[in-house]
Amino acid sequence: PRLSSLFMHKMHLTMDAKRMVAVFASVVFMLRGLTEAASQDNAVPWVPRVIGIGATKCGTTSLYMYLQRCLTPGIKKELHYFDRSRLSRTILHGQHIQGDGAYESMFETRTTNSFEITADYHYYRHVPWAMQQYFGFETAAQPTLVFLVRDPVSRTLSWYYEMSGQQGAQHNFENLVQEELHILKSCYNSTLALIRLDTMNVTCRTASAQVDLFRRCIQTVSQSKPWFSMHWSEELPATYNSAKYRNLLRTNGILLQGFYVDQLLNFLCAGFSSEQFVITTKSQLSRNPSSVVARIMAHAGLPRCTIDSQIKYQLRQKTKGQLPKQLKETLCQLYTPLNKAFIHIIKEHGIDANLALLEQELFQCTHAEQ
């Protein structure tokens, strides 16, 4: 009877009361929508389990071929989302970015064992900062970051010959190296350097601060606008605007790409944990690929994957010549203190790396002299 009475009472509500009920229902519906939207905003974003961040000319293509036998790749070998997409580059202008779904769409199948490798991720200063904002600092399943390196002197020559496409380009190479050395000597320590090589003290700066400082310094020390500064100034250097240098203009810096210590620190400064990294070398991958893959799988918490020992992907050799002795000595002097700082940071942070093999790879100049 009580329910019946209530029902009859509702049937005889006045028109004003009915309107009030309708308004109340609308408010409840709106609040429910806002709650669901907030829940979606706070949802943990999807993240690939393994991301290879470089370095260029260190065997990343071969590593990709091995890993795709165990993991699910993106739609192509190098996705270039966090270095080239317009969304990721807005972080250089101090803007906060949020996931737009474009990165996720680059994976046909989003699984717990997805991976990608983009060799330029280590180099561009905005990449780790864009990654952290896109994925979120509180992401539960942070990816394993694989950093593949090699002796920076041989990496430098290998990179140059591939990008220039000129077998007789060594004279141009020496000139470009000298020009870049002048720029770095004048500008690097006060702009892009995140560690003092004499004290090993680290000072973090945001990507936008690093790039802005470097751009301003370049403008004061080089009126000719060196070819490798194109990325930082975002305008085509007129001096080198010719077909001969068209491929070179797509990249930024010959020597700068081998500054591994500051590239690693840039990821740490952006908020990535030292526990996320696996650092290995081109030589290790060449000699024992199954061991490298096993380390990556174990670090990512994924089931062991056996690589057939009979299958070996040839690491391409792009070095078509030898460095002049004086130039090689100059580059050894440049990279040796940087490599020592790189080893120091790896030890200090307890990063996953075979230190003996890493030192053997990085200090080839020193070993050769001895």
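Which members of region 123-163 meet the condition of being at pLDDT 85 or above, over 23 Å from ALA300 (Cα atoms) and not in a loop (DSSP other than H, G, I, E, B)? Within region 123-163, PRO152, VAL153, SER154, ARG155, THR156 qualify. Taken over region 190-203, the criterion of being surrounded by 13 or more Cβ atoms within 10 Å (Cβ to Cβ) and under 20 Å from the mean Cα position of the chain (by Cα) is satisfied by THR191, LEU192, ALA193, LEU194, ILE195, VAL202.
The lone criterion from (1) more than 19 Å from PHE147 (Cα to Cα); (2) part of a helix (DSSP H, G or I); (3) out of contact with any His (no Cβ under 6 Å at 6 or more places or on another chain) left unmet by LEU92 is number (3). Return yes when GLY321 is of a type outside the set (Lys, Arg), modelled with pLDDT under 95, at positive phi and outside any strand (DSSP E or B) and no when it is not. Here the answer is no, as GLY321 does not meet what is asked. You will find that of ILE91, ILE53, the residue that is aliphatic (A, V, I, L, M) and more than 26 Å from ARG295 (Cβ to Cβ) is ILE91 and no other. Here SER105, SER39 are screened, and the one residue that is open to solvent by 50 Å² or more (accessible area, probe 1.4 Å) and either modelled with pLDDT of 85 or more or part of a loop (DSSP other than H, G, I, E, B) (or both) is SER105.
Which of the following residues is open to solvent by less than 30 Å² (accessible area, probe 1.4 Å), touching a helix residue (DSSP H, G or I) at 6+ places or on another chain (Cβ under 6 Å) and either at pLDDT 85 or above or over 27 Å from THR144 (Cα atoms) (or both): ILE254, ILE279? Can you show your working first?
Working: ILE279 fails: touching a helix residue (DSSP H, G or I) at 6+ places or on another chain (Cβ under 6 Å).
Of the residues listed, the single one that is open to solvent by less than 30 Å² (accessible area, probe 1.4 Å), touching a helix residue (DSSP H, G or I) at 6+ places or on another chain (Cβ under 6 Å) and either at pLDDT 85 or above or over 27 Å from THR144 (Cα atoms) (or both) is ILE254.
Only one of the numbered conditions (1) under 22 Å from ILE351 (Cβ atoms); (2) modelled with pLDDT under 60; (3) not acidic (Asp, Glu) is violated by GLN263, and that is (2). Looking across region 164-189, just one residue is within 25 Å of the chain's Cα centre (by Cα) and at pLDDT below 75, and that is SER164.
Residue pairs whose Cβ atoms lie under 7 Å apart, sitting 6 or more positions apart in sequence or on different chains, and linking a residue in region 189-211 that is closer than 12 Å to HIS344 by Cα and free of Cβ contacts under 8 Å to residues at least 12 places away in the same chain to a partner that is surrounded by 20 or more Cβ atoms within 10 Å (Cβ to Cβ) and aromatic (Phe, Trp, Tyr), do not occur here.
In region 61-91, which residue that is touching a residue at least 60 places away in the same chain (Cβ under 8 Å) and farther than 15 Å from ASP120 by Cβ is most open to solvent (accessible area, probe 1.4 Å)?
The residue in question is ARG69.
Every test in (1) within 21 Å of LEU194 (Cα to Cα); (2) at pLDDT 95 or above is passed by SER273 save one, and that test is (2).
Got at least one residue in region 329-342 being more than 23 Å from GLY59 (Cα to Cα), of a type in the set (Lys, Arg), open to solvent by 40 Å² or more (accessible area, probe 1.4 Å) and out of contact with any His (no Cβ under 8 Å at 6 or more places or on another chain)? No, region 329-342 has no match at all.
The values are calculated or read from the model by the stated rules, or taken from the named source; none is laboratory data. Here the structure is a predicted model, which means the values were calculated and not measured. Cβ coordinates were reconstructed from backbone atoms using ideal geometry, including for glycine residues, and neighbour counts include every protein chain displayed. In case anyone asks, the SASA skips ligands and DNA or RNA and just uses the protein heavy atoms, side chains included. Shrake-Rupley method; radii C 1.70, N 1.55, O 1.52, S 1.80 Å.
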